[in-house]
1. Among the listed pairs K71/K201; K32/K71; K282/K497, which have their C-alpha atoms separated by more than 30 angstrom in this model?
2. Mind ranking D168, D94 by accessible surface for me, highest first, 1.4 Å probe?
3. Using 0.36 nm times the number of residues separating Q27 and E509, minus their current alpha carbon distance, what extension gain do you get?
4. Listed highest first by mean packing, meaning other Cβ atoms within 10 Å per residue, what order do 212-223, 8-19, 475-486, 501-512 come in?
5. Roughly what would the spin-label model give for M20 and T464, points 7 Å off Cα along C-beta, in nm?
6. Taking a ≥ b ≥ c as the square roots of the eigenvalues of the Cα gyration tensor of the range 177-216, is the shape rounded (a/c under 1.5), prolate (a/b larger than b/c) or oblate?
7. Which order do the peptides 254-265, 44-55 come out in when sorted by mean C-beta neighbours inside 10 angstrom, highest first?
Amino acid sequence: MRLHSHSNLDIEALERNLVMADIWKEQEEIRKLKTSRNKLAPVNRLALEILWEIFLLCATRNEGSHWSWVKLLRICQCWRDVVMSCPALWSCLDCTKPAAIPKLLERSKMAALTVRLDSGGSFRNKTANTVKSALQHLSRSTAECAHAAGSLSQCSMEAEHTVMLPLDLLGGDAPRLRHLDLKDFYLPWTSGLLKNLTSLKVHYTHSVPAPSFQQLTQVLNRMPALESLELRNALPLPNTTSLAQVVQLSRLTALHLEGEVAACTLLLDRITFPVKSTTTMKFTCVVGRDVAGHLEQASLFLHSLSKLRGQLPDSCPSVSQCTIPALKFLKLVNAQSLVLGNTSCVIDGSSPPWLELVIKSPVRELNLGSGVGFVQKLLSAILPLDQITVLTTNAPYIYWLLSNEVAIPSLQGVKQLHLQLEGQRECGLRTIDDLSEDTVEDTTAFPFFPLLESLSFKDFDFSTGRDGNAFERLRAMLQCRYESEAEIEELHLKGCKGLSSGDIEKLKEFCVDVKWDGGK
């Protein structure tokens, strides 16, 4: 009976297996038919290269997980084949997943590699060990990893806490490496990777060993094709300049320095580069609590800026000989910053400014008098400003500009004036009055901005107060200029209070185009 029972069980199991095999065959046939159907879908009939581009956009524009795009593998067999055949999708080496790096290297083939490390809060204590493990994978000489250093063209690393990288990282040689971006990853300045770069960005938020000027200039000399240089809190100490040489960077178009005023000044004096139409410079000068003393020291910075300003069109003997667009946009909005550039950087944001200067201090707010005084010296260094056509400013600069005997004559070509006046009613009223002032003795009817075509008020209160009716003074100013054939054609009122729709209609009597956002 037992043998018979076992025999029946075996027969039943065999029958079940045969049925399951038939089901599997049917399902496989259905899967093949679905795959064939999917291949006929319009999106899957696109060229392979186009699908690659679409999937790459999905990977690069995703704001969530860096690996959310792998869901594409599970959509259909067609998409899986596309993803697996695209080397660029697998070319980002995530150092938080060191075990996956060999497979990523295998699938990335010869695509340019990017190294990424994002250290979140739960990653703090394991950052160094994880990076070390990942780098061990990168330096392996097996067939699947041997091309890592040789094909690496871009390396970007960012950590929450300082991570010290080894001197022999990647064997000290990455011949195709062109872009290196390190935030809180300290790479010794004698590393062999610091050569032949076109972009170098180093940013430290914590204290690390500073290079000497000699070390830094030697590194820059090994990068003759450098186009972008950003050193933030990574500048040499000012007392290490004795053996430093002057470096010529003939292709440099973007420069961003942040550090002590003296360090920024000394480095700027030890690099030379041509001023082109694409040149952008940003200097963040850090001063101590002795703001006045440091601002005085920062005045030395102006000599170097003056030399760079000398390369601009208005310094050329013939405008036709210059290929550099003139500076037409000036922004002065507080005592700590100045922006100078082409009009496109304010009109449509299509280009960055030529110069951006920021003064940082541990003091919560710099003394306005000291800050304005420094910017006054800066403006003197980069004068003449007669080609400025767009001016954005607020107090205390409005007071200074309207009373400065040097600045006002140099700004007679301003056609657009943008005033940021939050909490500055007195300043706004004075500006309105000065814009309506005309003189008989002078050949110019209006001494303040005679060519003004567009005027913008932001966050100004036009309500009637003890100091008078601001709206009526604005209307009188527009009327005065209209009747004197110096009409303001555009008036922009953004975030301004104390106005009504009826007031706007009254302004249109003397201004062609009045734009008001309703005080929102």
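The values are calculated or read from the model by the stated rules, or taken from the named source; none is laboratory data. It should be emphasised that the depicted structure is a prediction, and the values quoted were computed from it without experimental measurement. Cβ placement follows ideal geometry from the backbone for every residue including glycine, while neighbour counts extend to all protein chains displayed. With ligands, DNA and RNA removed, areas are computed over all heavy atoms of the protein, side chains included. Shrake-Rupley method; radii C 1.70, N 1.55, O 1.52, S 1.80 Å.
1. Result: K71/K201; K282/K497 exceed 30 Å.
2. D168, D94
3. Working it through step by step, the gained length comes to 165.7 nm.
4. By packing density, highest mean first, the sequence is 212-223, 475-486, 501-512, 8-19.
5. So the two model labels end up 9.2 nm from each other.
6. oblate
7. Answer by packing, highest mean first, reads 254-265, 44-55.
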